[in-house]
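Following: one structure in structure tokens, then a few remarks.
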């Protein structure tokens, strides 16, 4: 079965920013101060940096947000493997008086930011499960911290083998460990999404990912409890030792 990465735009322009984040349940490692887990995010403010606001909005920190009309359509289509959460606060980013030329998304002039209408947005949380990536993909555990349990893996060498379909729960949208910040869709779902031509999203095949000129050598295994609703993260993650 083929699958695709549900992905943002091909550049950093237009990415939203997530500010004033508050977390609970974080922890630090008793052995390595660089191993820190922030915990569950309980509050934040979303700063939009472009207009018009696309159908699907992506943040620098991998969060995904969808407009209300997209959510209604997802429900009409019966897509599975996701839930949505209220965005606690959202506004347009106001452009600074002195331009930061390193900032690809300076925001809007104050008068425009204050007058521009903001559509209803939802945080899009993928809850579907595509399993633990098999070693055939190139992903292998190389280090596990004895202090906090933090894990480091080699990165994939063949993205076409990231999904072990015997572990897949049948969802249209799903995640694969340890690349838990990546969102995936089935080929059938991708076909439907393409026809809709949503603005702000790309569907990238594993073959295209393999063709990237630069790929990281390693990736961290982020605990499932930071990416999924707690009940599901526990059910999947505790038996596998990847809950948190």
The stretch 1-17: number of residues that are in a strand (DSSP E or B) and either out of contact with any strand residue (DSSP E or B) (no Cβ under 8 Å at 6 or more places or on another chain) or surrounded by 18 or more Cβ atoms within 10 Å (Cβ to Cβ) (or both): 6
Among (1) modelled with pLDDT of 95 or more; (2) under 30 Å from residue 206 (Cβ atoms), the one test that residue 105 misses: (1)
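For (1) at pLDDT 90 or above; (2) within 19 Å of residue 180 (Cα to Cα); (3) not assigned by TED's automatic domain parsing to the domain that holds residue 189, each residue gets a yes or a no:
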{"position": "16", "(1), (2), (3)": "yes, no, yes"}
{"position": "19", "(1), (2), (3)": "no, no, yes"}
{"position": "24", "(1), (2), (3)": "no, no, yes"}
{"position": "46", "(1), (2), (3)": "yes, no, yes"}
{"position": "49", "(1), (2), (3)": "yes, no, yes"}
{"position": "52", "(1), (2), (3)": "yes, no, yes"}
{"position": "58", "(1), (2), (3)": "yes, yes, yes"}
{"position": "67", "(1), (2), (3)": "yes, no, yes"}
{"position": "70", "(1), (2), (3)": "yes, no, yes"}
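If I ask for residues that are in a loop (DSSP other than H, G, I, E, B), within 19 Å of the chain's Cα centre (by Cα) and farther than 22 Å from residue 150 by Cα, which ones from the stretch 36-52 would you list?
Taking the stretch 36-52 first, the residues in a loop (DSSP other than H, G, I, E, B) are 38-39, 49-52.
Restricting the remaining residues to those that are within 19 Å of the chain's Cα centre (by Cα) gives 38-39, 49.
49, the sole residue that qualifies.
Hey, which of the strands (runs of 3 or more DSSP E) in the stretch 53-166, taking only ones fully inside, have at least 2 residues that are crowded, with 16+ Cβ neighbours inside 10 Å?
Values: elements: 56-58, 64-67, 82-86, 90-92, 121-126, 129-132, 141-144, 151-154.
Qualifying strands (runs of 3 or more DSSP E): 56-58, 64-67, 82-86, 90-92, 121-126, 129-132, 151-154.
Enumerate the strands (runs of 3 or more DSSP E) found wholly within the stretch 167-235, keeping only those where 2 or more residues are under 23 Å from residue 143 (Cβ atoms) and in contact with a helix residue (DSSP H, G or I) (Cβ under 9 Å, 6 or more places away or on another chain). Outline the logic, then answer.
Working: elements: 173-177, 184-186, 202-204, 218-221.
Answer list for the stretch 167-235: 173-177.
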Given (1) on the phi < 0 side of the Ramachandran plot; (2) exposed (fewer than 14 other Cβ atoms within 10 Å of the Cβ); (3) without any contact (Cβ under 8 Å) to a residue 12 or more places away in the chain, number of the condition residue 208 does not satisfy: (2)
Among (1) closer than 22 Å to residue 227 by Cβ; (2) over 20 Å from the mean Cα position of the chain (by Cα), the one test that residue 33 misses: (1)
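The values are calculated or read from the model by the stated rules, or taken from the named source; none is laboratory data. Since the structure is predicted, the reported quantities are computational estimates derived from the model, not experimental observations. Ideal geometry is used to build each Cβ from the backbone, glycine not excepted, and the neighbour counts take in all protein chains shown.
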